[in-house]
Every structure is written in structure tokens, then in C-alpha cells.
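Just so it is clear, none of the values below were taken in a lab; they were calculated from the coordinates. Worth saying up front: this structure is predicted, and the values here are computed from it rather than measured.
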Amino acid sequence: MAKKEPKIKYINTTAALKRAAEVLPKGISLPTMIRYCEVWGIGIKIGGRWQVDAAKLEKMLAGEDPNE
């Protein structure tokens, strides 16, 4: 039987910004979230819109490397 890849739960940038605001006192801006998606690889662009990997976002907000 083939090994199944774990399903990735993506959230839109609005939900990601709300989650960041819950954790960080000042939150972050949309351009910063997009930069994190590009530089840290925590999101992908689908149909011209960014989708953020919820698990990687949580790791990043906890101060961990999101790609480990």
C-alpha cells in the first residue's frame, strides 16, 4: 500500500492575519504575511491569491522554523 502524504490545511490570508493578531500583540500586515509566504515557504499562490499552510503558520508564530 502506498504511503499517503499528510493533507495540508490551507487558510486564506485574512484568517492567517486574524490568527497572527491573536498571538502577536501588534499582529502583522498583509504585505508582511505575503513576504512570509514567499521567503519562509509557509504559503502558496492559487489563482492569484495566497493560501497559508495553517501548521507552518502556527510553527512560525511559536518561534519555530516552519520548515522542520
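Assorted remarks:
- Structure-derived volume of the Cα convex hull per residue in Å³ - corresponding label in (1) 99; (2) 133; (3) 115: (1)
- Extension gain, residue 32 to residue 8, is 6.5 nm, computed as 0.36 nm per intervening residue step minus the present C-alpha separation.
- Degrees separating the helix 30-40 axis from the principal Cα axis of the chain, which is the longest one: 40
- Over the residues of the chain, the helix contribution to mean residue ellipticity at 222 nm works out to -13000 deg cm²/dmol, using -39500 (n - 2.57) for each DSSP H run of at least 4.
- Most mobile listed residue (49, 19, 35) in the chain, GNM with C-alpha springs under 10 Å: 49
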